[in-house]
1. Confirm whether R22 is of a type in the set (K, R), at pLDDT below 95 and on the phi < 0 side of the Ramachandran plot.
2. Select from segment 93-108 the residues that are hydroxyl-bearing (S, T, Y), touching a helix residue (DSSP H, G or I) at 6+ places or on another chain (Cβ under 7 Å) and open to solvent by 40 Å² or more (accessible area, probe 1.4 Å) and list them in ascending order.
3. Tell me, which residue of segment 178-219 that is part of a helix (DSSP H, G or I), of a type outside the set (G, A, S) and surrounded by 24 or more Cβ atoms within 10 Å (Cβ to Cβ) is farthest from the chain's Cα centre (by Cα)?
4. Failed condition for K160, given (1) surrounded by fewer than 16 Cβ atoms within 10 Å (Cβ to Cβ); (2) assigned to a loop (DSSP other than H, G, I, E, B), with all others met?
5. Does segment 36-53 contain at least one residue that is modelled with pLDDT of 95 or more, under 16 Å from V133 (Cα atoms) and in contact with a Gly (Cβ under 9 Å, 6 or more places away or on another chain)?
6. Can you pull out every residue in segment 126-143 that is over 13 Å from E154 (Cα atoms) and not in a loop (DSSP other than H, G, I, E, B)?
7. Name the pairs whose Cβ atoms lie under 7 Å apart, with the first residue in segment 95-120 and in contact (Cβ under 8 Å) with a residue 12 or more places away in the chain, the second open to solvent by less than 70 Å² (accessible area, probe 1.4 Å) and among the acidic types (D, E), and 6 or more positions between them or separate chains?
Amino acid sequence: MHYKSVFFDLDRTLWDFESNARDTFIEMYDKHHLNVIFPDFDTFHKTYRRINKKLWEQYRNGTIEKEVLKYKRFQLTLEEFGYQDETLAKKLGEDYVTLSSNKTKLFPDTHSTLTYLKNKYNLYIITNGFHEVQFKKIKNCNLEKYFQKIITSEQAGIQKPHIDIFHFALEEANTEPQKSIMVGDDFEGDIKGAKSAGIDQVFFNPNYQSHQEECTYEIHALKELQQIL
């Protein structure tokens, strides 16, 4: 193959975001006695996820600051159930960032696949996640050894899917689009973003999500990368 550099997304591609986040929320729900506010855990979790998704879109578009996003998503979740407590919202925001970055569940075959690829390619991460949080996740999961550089949106000053973060990543890796490939789970952020920069793409689709989009490759398990690369 003509590729020299492989770029990976982190959350929901290597790091099992859904499992790790759920474990974190269960821990927070018990610690802060949120059963007094919410009828059950699932109600709390679903409400937060809905609100967080909207606020992350605002963050991605540059209309809300990182430090506000951290607690605002919890503040609005509490307020939906008639509970106004900014102090608790800020505690929840701090706890989520601290506790979630200590979780270490990865998708199956992450280490074996990265070990295989490291001997053949230069590996990098491109992530929209908070800079300090993503580095902690990577360190706690013992992933540092595989990657030459971790490229965050905060470093680049722009988020995926904007073409500029991919240009930034190519410069950081000292490589060219036609010699690179991007692996990620987010069609908008990872696949379309990479395509706009002339980079081939691998759509990681472990849940067999139905779509009509086009990509260079599609896989349902990380070990399938060994059939492509």
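The values are calculated or read from the model by the stated rules, or taken from the named source; none is laboratory data. Model, not experiment: these values are computed from the prediction. All Cβ positions, glycine included, derive from the backbone under ideal geometry; neighbour counts span all protein chains shown. To get the accessible areas, we keep the full protein, side chains included, count just its heavy atoms, and leave off ligands, DNA and RNA. Shrake-Rupley method; radii C 1.70, N 1.55, O 1.52, S 1.80 Å.
1. no
2. T104, the sole residue that qualifies.
3. That would be I191.
4. Every listed condition holds for K160 apart from (1).
5. No, segment 36-53 has no match at all.
6. K136, K137, I138, K139, N140
7. Listed by first residue and then by second, the contacts come to K103/D23; K105/D16; L106/D16; F107/D16.
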